[in-house]
Each structure stands twice: as structure tokens, then as C-alpha cells.
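Visitor: Can you read through this structure? Questions will come right after.
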Amino acid sequence: MKKRWVQAEAGDKETIDLLAQELTIDHSLAAILVQRGIKTFDEARYFFRPALKDLHDPYLMKDMDKAITRIDEALSSGERILIYGDYDVDGTTAVTLAYSFFKQFTTEIEYYIPDRHKEGYGISRQGIDYAAENQFTLIIALDCGIKSLEMIDYANTLGVDFIICDHHLPGSSLPDAVAVLDPKRADCPYPFKELAGCGIGFKLAQAYCIKHEIPAARYEKYMDLVMVSIAADIVPVVDENRILAHHGLIRLNTDPCTGLKALMETTGRKKEFTLTDVVFTLAPRINAAGRMDHAREAVKMMLCEEKESADVQSLLINLQNTERKTSDQNITAEALDLIGSCNNLMNKKTTVVYNEAWNKGVIGIVASRLTETYFRPTIVLTHSNGYLTGSARSVPGFDLYEALLSCSDLLVQFGGHKFAAGLSMLPEHLEVFSERFEQAVASTITEDMLRPEIAIDTEIQLQQITGKFHRIIAQMAPFGPGNMAPVFVSHGLELMGRVGIVGDNHIKLSVKQQNSSIFDCIGFGLAEYERILMPGKPFSMCYTIEENVWKDQHRIQLNIKGINTDY
């Protein structure tokens, strides 16, 4: 599917000129900063120098004082505390953080991760019963709970209090918990709304330390866990998340917790980890535990203090990830065959597929792969505990959550956000739901949303690319949603030499533009462009700029995102 090239608006020239002058940087780089809301010298300093002192006061979060007061009561009276969290990366890192932190102040503490296959997402009745039966009187729930109104009411009847630490969008009512920490609740004045679940747990630890005048190092040491959750949960890497991700990466690459260090070694990577490396190497391994077996295995690994036990646990996690890859590849192939053999499915603006034998743990990955293939809102369903349980994925610009909300009368439960969600329904509702979901999407989605795009920041000439130019781009990292690596476009490029194919489907070439230097280029998965590139025929290319290191040689390399000979 041919991608649209969409170039961002240039921005106010006077603002760009002034910022370029104040920062002594190229105007194109100043334009990118202005596009991202950075318009003054002070805003640029805040952006380029993420500082821990700029973290927001945790007590600005609604109910934080109530949460700390209740924890103080539990600790002073020796109550049993249960740390409860979701089974994905955000949930398991959050549980690891909260459990490790509060374990410093009590031995009456345990953690609980629900079984994905038996209990499903959110606060489970089984988890509450476990707490009551084992005399836990306080549950700190992380990365879940904001919509578990009935379960919290049930816990209250058993004398089990809840502190909710969630970052998902609340419903029309809040659970009747002792404290509900969620920046997205309508009455919360917290200035940053996009923390991950682990980030909420971090703010809880920060608040505890502030109240009891405990050195900041006691909670800052967990920033590697917070960074992993930010990367894995695809939250915007701006504001407070940028600070946490920046310092979390430093800790990951210099002094990570023993469990993460062991997991890093299983990847075989020798260079420093970036946020992208975490997304594609560490996060899938941590997630694999809950997908293939039980997520507590991931928590066990991240809690390891001895290298030997961490090595054993990380190898187990790595093996589960290998099994996960085989499973999701097989299911993806089956789903693609199912869609390809059905004209009705092929011609829709949505994809809804079901197979009772598919592994519940990997259907979210399969939904993502199908979305990448057909580029339309997608739901993959399987059978679990009498219900059809599924994962949904959207395309940029389309609000999946709103579409599901319009079908909510057919769902037992659902939750998530505009780009990803989970849901369950009675089997007899599948056909009607599929029709209603298609109607909801078809009536609101645009044709542009159904075609993938390459978002281009600005046009540049190749001669603008210098060592300083690249160093400034590198300082814009960590990259992620809200602050993606800048994508440039250049026109009238000349092919230098032959086009090479690397591996199965990658393209390698060299280009120049008028009197510029010659730049090496790599395009991953873009071998299709080989047939349209010919010596002497100028072309346009969009790309990111990166550093390629080979045998201690550092060279600027252009990472191709798209090529057009007719632009």
C-alpha cells in the first residue's frame, strides 16, 4: 500500500528565526522545535536538558494526600498490604516498583498479578478473595482499577481497602476507593495527564519520601522501571515522561536493576539501549511471561537481587518470548488466510476475526500485525471462560474507543484508549457486534485515515547535514510518541553507484544532491524501491538521520522511510 507523504506546516517564520539565532542552530532544526511547541530559549533549555528538579509535585495529584495517609496507617499498625497490578509491561514494572519501594518499610507485604487467561484484565474477584482470605486489608492497585466499580464495592464488603493508581480514562463514576490516583479524572489538577501506570506508582513513592523527608535517591533508583513502562505503553514522551525516560535510560545503561541487566544480556546487544531498543527487545520479553504463562515470572525477574537467580529467570523469560513469537506468527498467518479468503472481510473498513483456538495471550500482537497489513481498525477475538475476548487496534487519527463505546450495549466489558483496547462479549453477539462496529467506523473514518502516511517534519538540502546538525538531533532523544525522530525530505537526489539488497528485503544505496557530500542510505523492508531507482533519474526521499557505527568508524547514515520518483 503506497503511503501518503504529509509535510508539517512550517510555523511562524519570525519565531523560528529568533529561536535559531538564540540557540545558534540551523533554521530547519529551529522549525522542528517550533512545530513541537518549543518556541523560546527557556523552553528549549527545558527540552534539551531534562532535569529531575522539574518533576511535578506529586501532591498536585487528586487524592495523593489520602493515599499517603492510608499507607501510613497501614504501616504503623502492621496491616498486610497487597500490591496488585496488570499483567503487561506497565503493570509488572509498576508492581515491581511499588513492592520494592514499600518493602523497605514493612515485611507485611506481597504482590499479586491476575492470570490473563483465568481472571482477565483489571481487578478480579479472585484477587480480592485472595486478599481477604490472607488478611490483607489494603490493596494498592496499579495500571488498573479505574473502571472496577463493582469489584471495589465487593472489596469494601470484605473490609479490604483500595488505593487505585491508574492512568486510563475513567468512566462516568469513580470507584469507591480510599484514594483514586488518576490524572485523567476530571477533577484532578495534576499538570501532566499522560503518565504510565508505573509513573503513577513512581509519584506515590515520591510523595511518600517527600512527606517523610526521605532522600530522593530512594525512589529515583526505580527510574529504569518507569522508563521501560513509558516505552512499552506508548505514552507521549513529553513533559514529565521525557524527564523520566531520559534519566531512566541513563540508569538502564549505567546501573540497571539486576533483573533488567540480565534480560538485557539475553538480547546480545552491546551498544547503549535507546527507547526504541526497549520497545522492540526488552518489552516483548517482559510481556511474553503473561502471554505464554504467568506475568509473575516477569516480576520475579525484575525483583532479583542476585545475578545467578536473575540469569536463570531472564533465560526463562527469553524462552517464553521465543514461544510467543512462534505462536503469534502462526496465528497471524491463519488470520491473514481467513481475511484473504473472504470477500466480505476484504471489502470492509474494519477487520473482526475470531477463532476459539487462538491463544488469548498473543491476540493483541496479531491485531497489531493485521492493522499494519490492511491499515484499518481491527479486532481479534478468541474464546475464554465462556466469553469472546479480544484485542482491538486502530489507525492514526481514528478514535477506536469511541467506536467501541457506540457498541457498548453488546459488550460485557471493554477498556483502553483511542488506539488500543480490550473487550469481551457473549458469543451470540459476535455477528451483530461485527455489523455495528463496521457501521460505527464506516460512518466516521476518512479515506485518508485508511491509508498509511509518512509524517515529514521539513524539507532540507543534503548539504545542511553536518556533524553539528546530527548532534543536535541526537540531543532531541529520547524519541517516542509526541517527540518522534525528525523525518526530513529532500528532492532532486542523484543515485551514486548501484542499489544493493541486504538480507531478505532491505535496500542499500548512496546519494548526493548537487554539490553535497555522498551519503550512505539504508531502507529496512524497502527492497521494492530497487526497481524504480535508475542512474541519472532524480528522485525524492524522506528519511531520518542516524549514526552508523562499524568497526569503531562513525558515519552519518540516512534511514529511508520512502522514495518517490514522481514527487
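Visitor: What does the net charge come to around LYS307 if you take all other residues with beta carbon closer than 12 Å to its beta carbon, with K and R at +1 and D and E at -1? Can you show the working numbers first?
Guide: Values: positive: LYS261; negative: GLU265, GLU305, GLU306, GLU308, ASP311.
Around LYS307, the surrounding residues sum to -4.
Visitor: Let me ask another. Relative contact order of the range 152-303: what whole-number percent is it, with Cα pairs under 8 angstrom and at least 6 residues apart? Present the calculation step by step, with values, prior to reporting the outcome.
Guide: On the way: 167 pairs, mean separation 23.4, N = 152.
Averaging sequence separation for qualifying contacts and normalising by length gives 15 percent for the range 152-303.
Visitor: Determine the share of the range 253-313's accessible area contributed by carbon and sulfur atoms, expressed in whole percent, with a 1.4 angstrom probe. If you can, show how the numbers build up before the last one.
Guide: Numbers: 1390 of 2940 Å².
Answer for the range 253-313: carbon and sulfur cover 47 percent of the accessible area.
Visitor: List the residues whose amide H sits under 5 Å from the amide H of ASN483, counting only those 5 or more places along or on another chain, with H placed 1.01 Å from N in the peptide plane.
Guide: Correct list: VAL237.
Visitor: Tell me, how many Å apart are the Cα centres for the range 215-247 and for the range 484-543?
Guide: Comparing the Cα centres of the range 215-247 and the range 484-543, I get a distance of 36 Å.
Visitor: Rounded to the nearest 500 deg cm²/dmol, what is the calculated helix-only ellipticity per residue at 222 nm for the chain, with -39500 (n - 2.57) per DSSP H run of length n ≥ 4? Write out the running numbers ahead of the final one.
Guide: Numbers: 20 runs with 224 residues, N = 567.
Calculated at 222 nm, the ellipticity per residue is -12000 deg cm²/dmol.
Visitor: Considering the dipole of the chain built from charges on the beta carbon (Lys and Arg +1, Asp and Glu -1) around the Cα centre, which of VAL487, ALA74, ASN385 is farthest to its positive end?
Guide: Most positive-ward Cα: VAL487.
Visitor: Please list the non-local residues whose amide H lies under 5 Å from the amide H of TYR190, H modeled 1.01 Å from N, same-chain partners needing a gap of 5 or more.
Guide: LYS62
Visitor: Quote the relative contact order of the chain in percent (integer), defining contacts as alpha-carbon pairs under 8 Å separated by 6+ residues. Working shown, then result.
Guide: Values: 1078 pairs, mean separation 66.6, N = 567.
Answer for the chain is 12 percent.
Visitor: Further, regarding this structure: In whole percent, and with a 1.4 Å probe on the protein chains, what portion of the accessible area of the range 423-567 is carbon and sulfur?
Guide: Values: 3690 of 7610 Å².
C and S atoms contribute 49 percent here.
Visitor: Quantify, in whole percent, the carbon and sulfur part of the accessible surface of the range 353-398 (1.4 Å probe; protein heavy atoms only).
Guide: Answer for the range 353-398 is 45 percent, counting heavy atoms of protein chains only.
Visitor: Could you list the GluC sites (Glu not before Pro) in the range 295-368 that lie in coil according to DSSP, counting only those with at most 14 other Cβ atoms within 10 Å of their Cβ?
Guide: Working: sites: GLU297, GLU305, GLU306, GLU308, GLU323, GLU334, GLU356; in loops: GLU305, GLU306, GLU356.
In loop regions of the range 295-368 (DSSP not H, G, I, E or B), the sparsely surrounded GluC sites (Glu not before Pro) are GLU305, GLU306, GLU356.
Visitor: Let me ask something additional. Give the angle, between 0 and 90 degrees and rounded to the nearest 10, that separates the Cα long axis of helix 283-292 from the longest principal axis of the Cα atoms of the chain.
Guide: 50 degrees
Visitor: Additional query: With +1 on the Cβ of every Lys and Arg and -1 on the Cβ of every Asp and Glu, and nothing else charged, how large is the dipole of the chain about its Cα centre, in debye rounded to the nearest 20?
Guide: Values: 57 positive and 76 negative charges, 321 e Å.
Taking the Cα centre of the chain as origin, the dipole is about 1540 debye.
Visitor: Same structure again: For VAL352, what residues show an amide H to amide H distance below 5 Å, using hydrogens built from the backbone and excluding near sequence neighbours?
Guide: So VAL352 has HN proximity to ILE379.
Visitor: I need the shape label for the range 111-174. Rule: rounded when a/c is under 1.5, else prolate if a/b > b/c, else oblate, with a, b, c from the alpha carbon gyration tensor.
Guide: Numbers: a/c = 1.70, a/b = 1.25, b/c = 1.36.
It is oblate, given that a/c is not under 1.5 and a/b is not larger than b/c.
Visitor: For percent of Cα pairs over 30 Å apart, several values are listed as [x] 62; [y] 74; [z] 56; flag the one computed from this structure.
Guide: So the structure-derived entry is [z].
Visitor: Report relative contact order for the range 477-562 in percent, whole number only (criteria: Cα-Cα under 8 Å, sequence separation at least 6).
Guide: In percent, rounded to a whole number, it is 30.
Visitor: Taking the chain as the reference, fit the longest principal axis to its C-alpha atoms, fit the long axis of helix 363-374 to the helix C-alpha atoms, and give the angle between the two in degrees, 0 to 90, nearest 10.
Guide: Taking Cα atoms only, the helix is inclined about 30 degrees.
Visitor: Heavy-atom accessible area per residue, the chain, 1.4 Å probe: how many Å²?
Guide: Details: 25280 Å² over 567 residues.
Value returned for the chain: 45 Å² of accessible area per residue.
Visitor: Also: In sequence order, what are the phi-derived ³J(HN,Hα) couplings for the range 508-524 according to the Karplus relation 6.51 cos²θ - 1.76 cosθ + 1.60 with θ = phi - 60°, rounded to whole Hz, with x for glycine and proline?
Guide: My calculation for the range 508-524 gives 9, 7, 10, 9, 9, 9, 6, 9, 6, 5, 8, 10, 6, 10, 10, x, 6 Hz in order.
Visitor: Which longest run of the chain has no exposed loop site in it, a site being trypsin sites (Lys or Arg not before Pro) in a DSSP loop with at most 10 other beta carbons within 10 Å, and the site itself not part of the run?
Guide: Numbers: sites that count: LYS2, LYS270, LYS271, LYS551.
With trypsin sites (Lys or Arg not before Pro) excluded where exposed in loops, the chain gives 272-550 as its longest stretch.
Visitor: If you don't mind, there's one more thing I want to ask. Taking K and R as +1 and D and E as -1, what net charge do the other residues with C-beta under 12 Å from the C-beta of HIS506 add up to? List each step's numbers first, then the result.
Guide: Numbers: positive: LYS508; negative: ASP504, GLU528, GLU530.
Residues near HIS506 contribute -2 overall.
Visitor: Compute the angle between helix 89-102 and the longest alpha-carbon principal axis of the chain, please, reported from 0 to 90 degrees and rounded to the nearest 10.
Guide: 50 degrees
Visitor: How big is the dipole moment of the range 504-551 about its Cα centre under a simple scheme where the beta carbon of each Lys and Arg is +1, that of each Asp and Glu is -1, and everything else is neutral? Debye, nearest 20, please. Show your work: numbers first, answer last.
Guide: Details: 5 positive and 6 negative charges, 46 e Å.
Roughly 220 debye, rounded to the nearest 20.
The values are calculated or read from the model by the stated rules, or taken from the named source; none is laboratory data. No experiment lies behind these values; they were computed from the predicted model shown. Please note: Cβ atoms are built from the backbone with ideal geometry, for glycine as well, and neighbour counts cover all protein chains shown. Surface areas here come from the heavy atoms of the whole protein model, side chains and all, with no ligands, DNA or RNA. Shrake-Rupley method; radii C 1.70, N 1.55, O 1.52, S 1.80 Å.
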